[in-house]
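> Starting off with a structure, shown below.
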Amino acid sequence: MSMYQSVQALQQGAEHLLFDLADYDSLAETIYVPIAVVEAQTLAHHYPLVWRRAGETFELVALLSISAPHYLMWRQELKLGLPHPLLIEAYPLCAAFNAEGAERGAVLFDAVAPVEGAKGTPVFKADRTISSAAAQRLNALQVYASDLARTQAFTKALAGQGLLLDWPVRLLVGSDGVELDGFCVLDPAAAARKTLSVLVADHGFSIAELATFHDLSLFNMQRLVDRHRSERLLAQAGRAETARAQTAPTLGQTTDGAPIL
């Protein structure tokens, strides 16, 4: 599912609130996030970087998980400080761009409810200027937006040369069957990679670097498999602990619930 659920215009002075990323369940229900080329080198160490097919077009994305929801591992990774895509760092701020992917777009706000009891920080201060917390998220959004046109140009060039191949994911993790469709990877064939050298002449060496980061990032599929397994084990342990707590005798009672005289 998309991490955006209730997008609306960001109105200056309105009482919009920001919450810790861990307080948004919608992020822990997200499998992939669009990314820009500028962040590919950092993210390639942690996530598979692939393309998502959307009709006749494609978008570069980071695969965060192979299943959803993944609340436990998501919150654990936040505590560990694992790097996240710029659009995650900017959340709940987002932007609408025109068809050409112009750098300037309208800033939007995803008015999704946080977890119960979460404490928010205002987007705008009393004087209607933007708060420091919101400025940090807006900066992440601006970095993404500033590289969107280049990212789309690289993707269009790769697709135009027929270098993006469908990549259906079929995994068996323990007793869980995992199936993901709609993703693509670069054609690994030698002939296809020779075609990539032609694109360097038009787009610069950065497009070859993107291909390298993409190739290396696919090794992170094993991390996502391990992550899926850990999520399931933690959830099972949590359910078992809850069950033990519910069946444990209270003070002054026997195990069958009878009072101790």
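> Taking region 157-177 as the search range and keeping residues that are exposed (fewer than 15 other Cβ atoms within 10 Å of the Cβ) and in contact (Cβ under 8 Å) with a residue 40 or more places away in the chain, which one is farthest from residue 52 (Cα to Cα)?
174
> Out of (1) in contact with a His (Cβ under 7 Å, 6 or more places away or on another chain); (2) at pLDDT below 95; (3) under 28 Å from residue 120 (Cβ atoms); (4) not aromatic (Phe, Trp, Tyr), what's the single condition that is false for residue 83?
(2)
> Report yes if some residue within region 2-11 is of a type in the set (Val, Ile, Thr) and in contact with a Cys (Cβ under 9 Å, 6 or more places away or on another chain); otherwise report no.
yes
> Hey, another quick one. Being closer than 30 Å to residue 218 by Cβ and in contact with a strand residue (DSSP E or B) (Cβ under 6 Å, 6 or more places away or on another chain) is true for just one of 95, 90, 68. Which residue is that?
Just a single option satisfies the conditions, and that option is 95.
> Please list, ordered by first then second residue, the pairs with beta carbon atoms under 6 Å, 6 or more apart or interchain, first in region 215-230 and touching a residue at least 60 places away in the same chain (Cβ under 8 Å) and within 16 Å of residue 176 (Cα to Cα), second β-branched (Val, Ile, Thr) and surrounded by 15 or more Cβ atoms within 10 Å (Cβ to Cβ).
224/66; 225/173; 228/66; 228/173
> Only residues that are among the charged types (D, E, K, R) and assigned to a loop (DSSP other than H, G, I, E, B): list them for region 11-49, please.
Once the filter is applied, which keeps residues that are among the charged types (D, E, K, R) and assigned to a loop (DSSP other than H, G, I, E, B), region 11-49 yields 15, 20, 25.
> Right, here's the next one. Go through region 54-76 and report how many residues are modelled with pLDDT of 95 or more and among the acidic types (Asp, Glu).
Result for region 54-76: 1.
> Quick check on residue 72: is it part of a helix (DSSP H, G or I) and in contact with a helix residue (DSSP H, G or I) (Cβ under 6 Å, 6 or more places away or on another chain)?
yes
> Which one of the conditions (1) in contact with a Phe, Trp or Tyr (Cβ under 7 Å, 6 or more places away or on another chain); (2) more than 27 Å from residue 66 (Cα to Cα); (3) modelled with pLDDT of 95 or more; (4) not aliphatic (A, V, I, L, M) does residue 105 fail to meet, given that it meets all the rest?
With (1) in contact with a Phe, Trp or Tyr (Cβ under 7 Å, 6 or more places away or on another chain); (2) more than 27 Å from residue 66 (Cα to Cα); (3) modelled with pLDDT of 95 or more; (4) not aliphatic (A, V, I, L, M) applied to residue 105, the lone miss is (3).
The values are calculated or read from the model by the stated rules, or taken from the named source; none is laboratory data. Nothing here was measured: the structure is a model prediction, and the numbers come from that model. Using ideal geometry, Cβ is built from the backbone for each residue, glycine included, and neighbour counts are taken over all protein chains shown.
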